[in-house]
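Participant: Shown below is the structure under consideration.
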Amino acid sequence: MLIPLRPGELPRLIPAVATGPQFTACSGSPQKLLQRVFISVIGGVITLLISQTLLFSSQAGPIFLVIGVVFLLYLLWGPIVEAGRKNATLRRYPAAAIFEGEVADYFTKELVEGRQETTDRQGRLEMVENRRTWLCLELEDDEGYLGTIRFPYDKKHKLIRRGMVVRCLVLSERKDFSRIGALSDAWLPQLKLWVGDYPYLLRPAFEELCLKRLR
């Protein structure tokens, strides 16, 4: 079942500016956080040193000073920009609707999330793959298969069963939704559980909207 959103409802459900959960999600793994620290510190220190050298001898000094401050604040604005970009990918669709269906099937999949070089006991270099288990939910309604949502598997997901009610946003380039462009994160009301690899929706607002529109 698809219930098209009214004008103005999509921006209220998917904000342009990062929310707290979205900022956290875009902060990334410890490895990604460490990468941001390196970029922030190295870029900030180098540009600030250049700015101090040029501050009284060139008009470019203040410019490098501003750039240095921007680099040092990269830990803050980096996740905000990334979250805004993710939100924009769904906000751009001209058609959006609430979907209510069920979990048709589910399965796990091992995905490689990175590779790391290490040495064995003999000192030989070897490549180690960082794998993570993801859970895939296939969604359907009375008209058939809709799409698949996948996300990192956690112990709380053990309670998910086939036939459970699932709600999410469906986005499309076409007003008749004959072709699905994207799915948001999803709400399983029977478990009071949200699932998805990124928290696109303002979740309390979506739950409230579902109570009003799905009666």
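Participant: Counting only residues that are open to solvent by 30 Å² or more (accessible area, probe 1.4 Å) and over 16 Å from residue 185 (Cα atoms), how many does segment 6-19 have?
Facilitator: Qualifying residue count, segment 6-19: 5.
Each row is one residue, and each column tells you yes or no for (1) modelled with pLDDT under 95; (2) touching an Asp or Glu at 6+ places or on another chain (Cβ under 9 Å); (3) open to solvent by 20 Å² or more (accessible area, probe 1.4 Å).
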{"position": "109", "(1), (2), (3)": "yes, no, yes"}
{"position": "112", "(1), (2), (3)": "yes, yes, yes"}
{"position": "131", "(1), (2), (3)": "yes, yes, yes"}
{"position": "143", "(1), (2), (3)": "yes, no, yes"}
{"position": "155", "(1), (2), (3)": "yes, no, yes"}
{"position": "168", "(1), (2), (3)": "no, yes, no"}
{"position": "175", "(1), (2), (3)": "yes, no, yes"}
{"position": "179", "(1), (2), (3)": "yes, yes, yes"}
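Participant: Can I ask one more? Taking segment 134-152, which residues are of a type outside the set (A, V, I, L, M, F, W, C) and touching a helix residue (DSSP H, G or I) at 6+ places or on another chain (Cβ under 7 Å)?
Facilitator: Scanning segment 134-152 gives no hits.
The values are calculated or read from the model by the stated rules, or taken from the named source; none is laboratory data. Given the structure is predicted, the values throughout are model-derived calculations rather than measurements. Cβ atoms come from the backbone with ideal geometry, glycine included; neighbour counts cover every protein chain shown. Side chains are part of the model used for accessible areas, which takes the heavy atoms of the whole protein and leaves out ligands, DNA and RNA. Shrake-Rupley method; radii C 1.70, N 1.55, O 1.52, S 1.80 Å.
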